[in-house]
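Chemist: Sharing a structure, written as structure tokens. Questions coming.
The values are calculated or read from the model by the stated rules, or taken from the named source; none is laboratory data. A quick note: this is a predicted structure, and the numbers were derived from the prediction, not measured. Glycine also receives a Cβ, built like all others from the backbone with ideal geometry; neighbour counts cover every protein chain displayed. Heads up: the accessible areas ignore ligands, DNA and RNA and are worked out on the full protein's heavy atoms, side chains in. Shrake-Rupley method; radii C 1.70, N 1.55, O 1.52, S 1.80 Å.
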Amino acid sequence: MNAAVVVFPGSNCDADTLHVLGNVVGMNARYAWHADTTLDDVDLVVLPGGFSHGDYLRTGAMAARAPIMSPVRDHAARGRPVLGICNGFQILLEAGLLPGAMLLNDSTQFRCEWTHLRVESTHTPCTSAAGNGQVLRLPIAHAEGNYVIDPDGLAQLHDEDRVVFRYVSASGARSPDANPNGAIDDIAGICNVGRNVVGMMPHPERASEAELGGEDGRAIWESLVAAAGA
Amino acid sequence: MTLTPTHEPPSDEILREVALTRDEYHFAADLLDRPPNPVELGIIGGMWSEHCGYKHSRPLLSRLPSEGPRVLIGPGEENAGAVDIGHGLAIVMKVESHNHPSAVEPFQGAATGVGGILRDIFTMGARPIALLDSLRFGPLDDRRGRYLANGIVGGIGWYGNCMGVPTVGGEVQVSASYRGNPLVNAMCVGLIEHDQLTSAAASGAGNELILVGADTGRDGIHGATFASVDDPEASHRGVVQVGNPFMEKLLLEACLEVLQTTDAILGLQDLGATGLTSSSVESAGRGGTGVVLNLEHVARRAAGMTPYEVMLSESQERMLVVAARGRAHEVQRVFDKWGLHSDVIGEVTETGLLDVRDNGQSAATLPITMLTDAPTYTYPVERPAYLDEVGPLDLDALPEPDDPTSAFLQLLASPNIASRRPIYRQYDHMVGANTVIAPGGDAALLRIKGTPLAVALSTDGNGRTTYLDPFVGGAAAIAESARNVSCTGARPLAFTNCLNFGSPEQSAAYYQLSQAIDGMAAAARALETPVISGNVSLYNESGGEAIWPTPVVGMLGVLDELDRRCGAGFTADGDEIAVLGAGRPRLDGSEYLSVAHGRVAGCPDINLVDEVAVQRLVRELIIARLLSSAHDCSDGGLAVALAESAFAGGLGVQAPDLPILGRLDEALFGESQSRIVVSYPPLAAAAVAAAAATHSVPITPVGKVGGDRLCIGPIDVSLAHAEQVWSQGLELALAGHAPPG
């Protein structure tokens, strides 16, 4: 499976993501540079976490207008998987590939900690091999993960089964204490209408090796590999 | 603009501005055989400041052992020291203070401290893999104290998070002694292959000097001299720099890319204190060369800047690159790719001079050696009278606690003991995908990808102990940081340090500095851990009162096999708990004495033979896979150490029959060096006892792991309640709320 990890100025989870895709999952993974206007034939595009363009203006706003986003849109339009993690999710929102926006966390602070997610839909390439309702333990690291969307947009996400992950407690129950940033409806990840573009705030690449504290992130990668083979 | 040498000696006001004494002015004029012009005066003042010239501390610092088989680069040679960790890899590390800027503008002061130490590491060619921050705050029940503390933590997180370098450790202590003069010591650790280590020397006449990164502005002028005068609060805001971590991230990636893809870079030097002045002077000093700088090529942020301002600007996120003659364009091509502005601003010469020109006119001409060899000062070391007043502790006058459980909970809620999570959850401590033991344990542990190795990192330093006995405080800073490293199973290899003291011109502070360095030297020799880099921050005082003398040590250890590691948390019901070590717990200088009785008194002590033995033992037990947990027994004594291992593991403690010799409060809350709380399966007990006997280390059984309560002698409280009190103590204090009951 061929994967590209896009490097924007200020991306800082690019190397971690490439490491996991290549060394842990065994994909054929390489970087793609933000200023490039073409993307080689790849099966998967990952927009990694970090602070693209220093988060200046708005998180993801400048990266969303980078030259590489044109071939990324083409890739998405062909129905191929795009995964945006953390800042990558913010870029997908700014690019209009996913609906909604991010606010500052309700704590007003950056938060780096482990959270629990419930898989709400397995009908995406990132969750196809996971169990419906499966609880994944993944870390977050962001200051702006407080997802918002207008009521009609939220209703549409529900109606179309496009909420992919919700923050829950370790036992899988929704509660205000389990939501680390105030995101509406405890939303941690969503997908587009075509279901091939997924954005999520937590970092699966940080939870793919036992010695780093957990391997639940592998459910995402294994889904992508399975989806590519299907 | 034409500068004419001043033949009139400068006024007192001008000398104060450049932080030179009149004697130093005359000394400089004698060395030059003429009076320095105003630009030269500013350059001399910057280079002879304590921050750059170490004029009060250099003679004392030479007492620290700095040699060892693993040392690749020792203190003072380059921007940071380097240690061999095996597999052809080296760790590069340094700690540096940003106390004075943080006292004025805490967010940017702390942020730019992080930015500066990161540059010190990647100038060596190393990729930064970890940050640690040693912080000291004034009381948090004071509005300004909270403003400083929250601002400092916010600034550290903002810079490090954006850079993508994990903040994996550090410490926080709160005391009235730091009111108005908080301490912000930032440590950075980098990883590099031996043969990639890059020098900061400017060598080879004709090689080109490239200035890259941010434009040069008026910010931060006199930051170095500012850091070397009393009472930062009385100074002005213009000396504090504003950081741009995004620019620094681009600099990091661009510099490492040039180093990896070309051999056109001969030297790299960051612009820190005194900006272009010290970076060019220090590079030429290392190369035994001179430099010509053409200031008209320096990109400016403001119009009308004078040569004086350009030379002394401390604008952040700038680097000076020495490129091979005729190859500057190869380097600049990579900077362009990363969107960074760069200019060729000068070249290396054989003159041995700093030759500063502005549009062809000479602005300053000074011998490099004069600038790199600041005059040094030594003072008589006289024991200050306060030591006799605070030393003796009359235990008979101290009542023992009526209610040990409530005394215990009060201690757990103390901002010096409570969970540090409210701080470290604001730091990205996982980015890099190497963090195996995250903040909250004894030492952070990072794997080294592609090898079986891991490195352990810890910072330590106790101002209260050092105030009560500067020699013991210095020794304890080394011993405790090494002990924390040993508790993961890693072998301590080398350390970096930051010495935060009051004015060396005051005899008490000079005595403290001298004694603390002697204590550090003794412990470093005993533990075979040389110093490889460091920083000195003197003149830490406000309102005429010096801070507690606070030596901070950043210790590096190496674990040869990541799989043979140990954590601080209990792991299994039924495990036996014991204390390793000969240290006798005492109330002298303890957190309990401060919290329960409001006293800072006593004579703390340390036995380095015991220290070496207990650390060797715990590492041997971990490598033999006999232990389930190992945790340093320090602030708050045995009861707190047991609670911390319980919270980390989510398992209770059954130790109702804890052996109590003498006073109850000493046994529960007394502190000593050289003690480690361990747990192990009952089947391992005989082997643990045998190893302890071999090393002549006393082993004291305490109880068992298990249940959902903390039963420690007469203390009996539910684990959940104790953990809640401990979890909320610092969080509530930072938010301005009373401690939990």
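Chemist: Kindly write out, for the range B:582-597 in residue order, the coupling ³J(HN,Hα) from the Karplus curve 6.51 cos²θ - 1.76 cosθ + 1.60 (θ = phi - 60°), rounded to whole Hz, with x marking Gly and Pro.
Modeler: Along the range B:582-597, the couplings run 9, x, 9, x, 9, 7, 4, x, 7, 5, 4, 4, 6, 6, 7, 10 Hz.
Chemist: Next question, about the same structure. For chain B, restrict the atom set to alpha-carbon positions and state the Rg and Dmax in Å.
Modeler: Computed over the Cα atoms of chain B, radius of gyration and Dmax are 25.9, 84 Å.
Chemist: Round to the nearest 10 and report in Å² the accessible area of B:Glu13, as given by a 1.4 Å probe over the protein chains' heavy atoms.
Modeler: Accessible area of B:Glu13: about 130 Å².
Chemist: Could you give the size of the charge dipole of chain B about its Cα centre, using +1 on the Cβ of each K and R and -1 on the Cβ of each D and E, expressed in debye and rounded to the nearest 20?
Modeler: The dipole of chain B has a size of about 1340 debye.
Chemist: Calculate the translational D of the range A:140-189 in whole µm² s⁻¹ from Stokes-Einstein, where the hydrodynamic radius comes from the Kirkwood formula applied to all Cα pairs, the temperature is 10 °C and the viscosity 1.306 mPa s.
Modeler: 139
Chemist: I would also like to ask the following. Compute, for B:Ile129, the solvent-accessible surface of its heavy atoms (probe 1.4 Å) with the complete set of protein chains present, and express it in square angstrom to the nearest 10.
Modeler: Solvent-accessible area, nearest 10 Å²: 20 Å².
Chemist: To the nearest 10 degrees, how steep is helix B:143-163 against the longest Cα principal axis of chain B, on a 0 to 90 scale?
Modeler: Relative to chain B, helix B:143-163 is tipped by roughly 70 degrees.
Chemist: Against the longest principal axis of chain B, how steep is helix B:245-261, in degrees 0 to 90 to the nearest 10, with axes from Cα atoms?
Modeler: It is inclined by approximately 80 degrees.
Chemist: While we're here: Restricting attention to the range B:1-104, which trypsin sites (Lys or Arg not before Pro) occupy a DSSP loop and are surrounded by at most 16 other Cβ atoms within 10 Å?
Modeler: Here the sparse-neighbourhood loop sites are B:Arg63.
Chemist: Express the relative contact order of the range B:42-181 as a whole percentage, based on alpha carbon pairs under 8 Å and six or more residues apart in sequence.
Modeler: With pairs under 8 Å counted, the relative contact order is 20 percent.
Chemist: Please label the shape of the range A:81-141 as rounded, prolate or oblate, based on the square roots a ≥ b ≥ c of the eigenvalues of the alpha-carbon gyration tensor (a/c under 1.5 means rounded; beyond that, a/b larger than b/c means prolate, else oblate).
Modeler: oblate
Chemist: From other protein chains only, count the Cβ atoms within 10 Å of every residue's Cβ in A:139-146, then give the mean.
Modeler: So the per-residue partner count for this stretch is 3.
Chemist: A follow-up question, please. To the nearest 100 Å², how much accessible surface do chains A and B cover up together, summed over both, with a 1.4 Å probe?
Modeler: Roughly 2200 Å² of accessible surface disappears when A and B pair.
Chemist: Report relative contact order for chain A in percent, whole number only (criteria: Cα-Cα under 8 Å, sequence separation at least 6).
Modeler: Normalised by residue count, the contact order of chain A is 20 percent.
Chemist: Here's something else I'd like to know. At 7 Å along Cα-to-Cβ for each site, give me the label-to-label distance between B:Glu620 and A:Asn2 in nm.
Modeler: With each label point 7 Å from Cα toward Cβ, the separation is 5.8 nm.
Chemist: Radius of gyration and Dmax for the range B:646-713's Cα atoms, expressed in Å?
Modeler: 13.2, 35
Chemist: Which log10 I(q)/I(0) values, to two decimals, does chain A give at q = 0.15 Å⁻¹ under the Debye formula with one point per Cα?
Modeler: Per q value, in the given order, log10 I(q)/I(0) is -0.92.
Chemist: Please turn the phi angles of the range B:414-431 into ³J(HN,Hα) values with the Karplus equation 6.51 cos²θ - 1.76 cosθ + 1.60 (θ = phi - 60°), one per residue in order, whole Hz, x for glycine and proline.
Modeler: Ordered by residue, 3J(HN,Hα) equals 4, x, 7, 10, 4, 3, 8, 4, x, 8, 6, 6, 7, 9, 6, 9, 10, 4 Hz.
Chemist: A further question on this structure: Using alpha-carbon pairs under 8 Å, 6+ residues apart, how would you state the relative contact order of chain B in percent?
Modeler: 15
Chemist: Straight-line reach from B:Lys94: which aspartates and glutamates have Cα under 13 Å away, leaving out those fewer than 8 places along the same chain?
Modeler: B:Glu77, B:Glu78, B:Asp120, B:Asp133
Chemist: Residues of the range A:200-230 that become at least 20 Å² less accessible with every protein chain present than in their own chain isolated, using 1.4 Å: which are they?
Modeler: By number: A:Arg206, A:Glu211, A:Leu212.
Chemist: Take every residue in peptide A:108-114, count the Cβ atoms of other chains within 10 Å of its Cβ, and give the average of those counts.
Modeler: 6
Chemist: Only helices at least 15 Å long along their axis, Cα-based, and averaging 0.0 or more on Kyte-Doolittle count here, so list those DSSP H runs from chain A.
Modeler: Those that pass (Cα extent of 15 Å or more, hydropathy at least 0.0) are A:218-229.
Chemist: Which value, in Å to one decimal place, does the Kirkwood hydrodynamic radius take for the range B:1-155 when every pair of different Cα atoms is included?
Modeler: Hydrodynamic radius (Kirkwood, Cα pairs) of the range B:1-155 is 19.0 Å.
Chemist: Turning to a different aspect of this structure: If I fit a long axis through the Cα atoms of helix B:470-486 and take the longest principal axis of the Cα atoms of chain B, what angle between them do I get, 0 to 90°, rounded to 10?
Modeler: 80
Chemist: Let me ask something else about it. Hey, if you drop one equal point scatterer on each alpha-carbon of the protein assembly as shown and run the Debye formula without solvent, what base-10 log of I(q)/I(0) do you get at q = 0.05 Å⁻¹?
Modeler: With no solvent term, the Cα-only Debye profile gives -0.30.
Chemist: Also: Give the accessible surface of the protein assembly as shown per residue, rounded to a whole number of Å², with probe radius 1.4 Å and ligands, DNA and RNA excluded.
Modeler: 33
Chemist: When a/c is below 1.5 the answer is rounded, else prolate if a/b is larger than b/c, else oblate, so apply that to the range A:113-169 with a ≥ b ≥ c taken from the square roots of the Cα gyration tensor eigenvalues.
Modeler: oblate
Chemist: Moving on. Once the cut-off is 17 Å, how many percent of the Cα-Cα pairs in the range B:291-353 end up in the long-distance tail?
Modeler: 49
Chemist: For an R0 of 51 angstrom, estimate the FRET efficiency from the Cβ-Cβ distance between A:Asp41 and B:Glu193 and round to the nearest 0.05.
Modeler: So, using R0 = 51 Å, E works out to roughly 0.90.
Chemist: Hey, another quick one. Rounded to the nearest percent, how much of the accessible area of the protein assembly as shown (1.4 Å probe, protein heavy atoms only) is carbon and sulfur?
Modeler: The nonpolar share, carbon plus sulfur, comes to 50 percent.
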